[in-house]
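Below: the structure, in structure tokens.
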There are 2 protein chains.
Amino acid sequence: MSQPVPMVEIWRGPFLESMHTGHAVICDAAGGIIEAWGNPDQVVLSRSSSKMIQALPLIDSGAADAMGLTPQHLALACASHGGAPMHTQRVQAWLETLDLTDDALRCGAHMPYDPVTHDQMLIAGEKPCQRHNNCSGKHAGFLTLSKHLGGDSGYIDTDHPVQKAVLEAFERLTSETSPGFGIDGCSAPNFASSLHGMARAMARFAASPEDSAEARLHQAMRLHPELVAGENRACTDLMRATDGKVAIKTGAEGFFNVIIPEQKIGIALKITDGTTRASECAIAAILVKLGVLAPDHPATMKYVNAPILNRRGVTTGHMRAAPALL
Amino acid sequence: MSQPVPMVEIWRGPFLESMHTGHAVICDAAGGIIEAWGNPDQVVLSRSSSKMIQALPLIDSGAADAMGLTPQHLALACASHGGAPMHTQRVQAWLETLDLTDDALRCGAHMPYDPVTHDQMLIAGEKPCQRHNNCSGKHAGFLTLSKHLGGDSGYIDTDHPVQKAVLEAFERLTSETSPGFGIDGCSAPNFASSLHGMARAMARFAASPEDSAEARLHQAMRLHPELVAGENRACTDLMRATDGKVAIKTGAEGFFNVIIPEQKIGIALKITDGTTRASECAIAAILVKLGVLAPDHPATMKYVNAPILNRRGVTTGHMRAAPALL
């Protein structure tokens, strides 16, 4: 079993101060490995990176079309959004079309990730609702599917028709029997797979025909990158920087999934220590390597070779991708 | 050269989701290694963990006594404080005794780490001053020493008498020639050493006679743990939890230094990936192992075996120290 490989270096002055290791797999449409770092068989929880898989039954069941969902709804179903008004207002309107309120969500509340909205709410003394939860779009999708299937309100239980459908999609796309699940931060089950299985699932998204559920989801993400994350967030920045050619989704604990339709390939990446700064740097480096992110694009500078500034704005070091990714 | 060893595990449901590796050394008063994990020869930047060394010339020069500094001043000189009023008011008063204002500091400004103070300032529309910088106590100490030595205002330059004195203390305590320096977040130089050298320096603090500069500094930290960090911060929590028997100081990028006077030992620890959650867990586990932190103390539960909660407050996993530290 291969050990994780060095992926991201933190330099301060002439010293390598910190270092992040990880595993990554690039898969082709047939599920074969094009390139891998570390251990492709590593069992992983892909967390929010696999929201595209969790959203598949919403379309495959006919629920999305029966409810008239648009690409904006589908992008939100795949999102870990910032809780900015553009996100929360759309989720609230979506719930209203289902004759539901914020109380129907089971994701729990937290203050928005978006710093502008966060500070505005703090200054105004506003408490967050469940729609501010970064996963509220996914949960609105679950509620839509639940209504279509005639399920009860407990849509996050593993024996609920919604989660049974999610597991079926998960195992079909990864071509694996999931070894189990963890409970995610938003209380929904998050199914485990191998890293290879997750990259295989992303490659299947990439190679699916134009009107398939898979294609509709990655098209929606690429069309509305601002709904998938938000301003100054890596997924949004990198999807914009690739001119909408690539669907990119991060997950907690240092995960990234990538769908590149024009190359019919998928990528799954896990930073061993679960750190976001490292997963963002490593996935952006792989996008440069694959030729879908320009080496001189500002997003490349921001994520692949970022200066580290001190409190007076002076550069004291750099975060950069390790040689193995270059 | 030994590889870093697994130190902290992140579990979600039945899965080991993430893992942190690190290096650590426990030294005795003679500078010998009692126990080590990973590579004792690892070159490290100890960052704010070595503020006690940076404060030594303040006492050894006679500046502290000439200016009538109290243990509270000395604790602040060793602090990465939260920028709460108890910290900033004392730094401001200290600067006034030097006939200086906030403008004399060279640390730069940032919003306080202390979340209560942070939110109060945000709501009130207040901008941070340099005294809110977590290193402002260290810089007030530098200014005190500079005045005593007749130095100019550029006290963070490596050729300034203040930093020359810091380097002398650093090399004397570590018994090493420093291989160089990086510039810290507060713009001061931060000298490199081996991890063993840093643990040796901490053991020398631990074994120094009662009235020495070394002893006065760790006594001040143990007497005023709330000034060294702040409420709900690991250094403060753990110093309180050890009943003031241990001086504990964290540094950026996953560093900890510990002085245990009653055992005459010192500890230095570096998490490879630079993550704070891991450095706090690992150092607390070592404190339990050494018998200075009770296994059933609330701080042990908080740092060594912390539940991971989802957004609805349900436990979904645990962060815990790896077997090598138990």
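Worth pointing out:
- Qualifying positions in segment A:36-47 - more than 11 Å from chain B (Cβ to nearest Cβ) and either among the acidic types (Asp, Glu) or buried (at least 24 other Cβ atoms within 10 Å of the Cβ) (or both): A:41
- For segment A:183-218, the tally of residues that are over 16 Å from residue A:257 (Cβ atoms), in a strand (DSSP E or B) and not aliphatic (A, V, I, L, M) stands at 1.
- Identity of the residue in segment A:101-115, within 12 Å of chain B (Cβ to nearest Cβ) and not basic (Lys, Arg), that ends up nearest to residue A:90 (Cα to Cα): A:105
Yes/no matrix, rows are residues, columns are (1) assigned to a loop (DSSP other than H, G, I, E, B); (2) more than 13 Å from chain B (Cβ to nearest Cβ); (3) within 17 Å of residue A:138 (Cβ to Cβ):
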| position | (1), (2), (3) |
| --- | --- |
| A:25 | no, yes, no |
| A:34 | no, yes, no |
| A:52 | no, yes, yes |
| A:64 | no, yes, yes |
| A:74 | no, yes, yes |
| A:81 | yes, yes, yes |
| A:91 | no, yes, yes |
| A:95 | no, yes, yes |
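- Reported count of residues in segment A:220-240, each being in a helix (DSSP H, G or I), out of contact with any Pro (no Cβ under 7 Å at 6 or more places or on another chain) and open to solvent by 10 Å² or more (accessible area, probe 1.4 Å), is 4.
- Qualifying residues in segment B:1-28 (those that are touching a Ser or Thr at 6+ places or on another chain (Cβ under 9 Å) and of a type in the set (Gly, Ala, Ser)) - the one surrounded by the most Cβ atoms within 10 Å (Cβ to Cβ): B:22
- Here residue A:119 qualifies as closer than 30 Å to residue B:126 by Cβ, out of contact with any Gly (no Cβ under 9 Å at 6 or more places or on another chain) and within 14 Å of chain B (Cβ to nearest Cβ).
- Checked against (1) more than 20 Å from residue A:309 (Cα to Cα); (2) open to solvent by less than 60 Å² (accessible area, probe 1.4 Å), residue B:107 passes all but a single condition, namely (1).
- Long-range neighbours under 9 Å by Cβ, at least six apart or interchain, first residue of a type in the set (D, E, K, R) and at pLDDT 95 or above within segment A:26-40, second in a strand (DSSP E or B) and open to solvent by 50 Å² or more (accessible area, probe 1.4 Å): A:28/A:34
- Filter result (in contact with a Ser or Thr (Cβ under 9 Å, 6 or more places away or on another chain), farther than 23 Å from residue A:15 by Cα and open to solvent by less than 10 Å² (accessible area, probe 1.4 Å)) within segment B:259-298: B:260, B:283, B:284, B:285, B:287, B:293
- Among residues of segment A:183-215, those that are within 13 Å of chain B (Cβ to nearest Cβ), under 20 Å from residue A:141 (Cβ atoms) and either in contact with a His (Cβ under 9 Å, 6 or more places away or on another chain) or open to solvent by less than 30 Å² (accessible area, probe 1.4 Å) (or both), counted: 8
- Residue in segment A:145-152 that is over 30 Å from residue B:124 (Cβ atoms), open to solvent by 60 Å² or more (accessible area, probe 1.4 Å) and within 20 Å of the chain's Cα centre (by Cα) present: no
- When residues of segment A:168-182 are limited to those that are more than 12 Å from chain B (Cβ to nearest Cβ) and in a loop (DSSP other than H, G, I, E, B), the one least open to solvent (accessible area, probe 1.4 Å): A:176
- Residue tally, condition more than 20 Å from the chain's Cα centre (by Cα), touching a residue at least 12 places away in the same chain (Cβ under 8 Å) and within 14 Å of chain B (Cβ to nearest Cβ), over segment A:156-167: 1
- Taking each residue of segment A:300-326 that is over 18 Å from residue A:18 (Cα atoms) and polar (S, T, N, Q) and looking for partners that are at pLDDT below 95 and open to solvent by less than 10 Å² (accessible area, probe 1.4 Å) with beta-carbon atoms closer than 7 Å, six or more apart or interchain, yields nothing.
- Filter result (open to solvent by less than 10 Å² (accessible area, probe 1.4 Å) and either under 12 Å from the mean Cα position of the chain (by Cα) or without any contact (Cβ under 8 Å) to a residue 12 or more places away in the chain (or both)) within segment A:241-250: A:247, A:248, A:249
- From the options B:87, B:20, residue that is within 22 Å of the chain's Cα centre (by Cα), within 14 Å of chain A (Cβ to nearest Cβ) and not in a loop (DSSP other than H, G, I, E, B): B:20
- Of the strands (runs of 3 or more DSSP E) entirely within segment B:243-326, those holding at least 3 residues that are more than 14 Å from chain A (Cβ to nearest Cβ) and modelled with pLDDT of 95 or more occupy B:247-251, B:255-260, B:265-271.
- As a summary of the residue check, residue B:111 satisfies the conditions (1) in contact with a helix residue (DSSP H, G or I) (Cβ under 7 Å, 6 or more places away or on another chain); (2) more than 28 Å from residue B:268 (Cα to Cα); (3) in a helix (DSSP H, G or I) except for the one numbered (3).
- Residue B:53 more than 20 Å from the chain's Cα centre (by Cα), in contact (Cβ under 8 Å) with a residue 12 or more places away in the chain and either more than 19 Å from residue B:169 (Cα to Cα) or crowded, with 21+ Cβ neighbours inside 10 Å (or both): no
- Counting the residues of segment B:148-184 that are within 15 Å of residue B:50 (Cα to Cα) and aromatic (Phe, Trp, Tyr) gives 2.
- Unique residue being closer than 16 Å to residue B:197 by Cα and touching a Gly at 6+ places or on another chain (Cβ under 6 Å) when the list is B:49, B:2, B:18: B:49
The values are calculated or read from the model by the stated rules, or taken from the named source; none is laboratory data. Owing to the predicted nature of the structure, the values given are computational and were not obtained by experimental measurement. Cβ: placed from backbone, ideal geometry, glycine included. Neighbour counts: every protein chain shown. Each accessible area value is taken on the protein alone, full model and side chains, heavy atoms only, with ligands, DNA and RNA left out. Shrake-Rupley method; radii C 1.70, N 1.55, O 1.52, S 1.80 Å.
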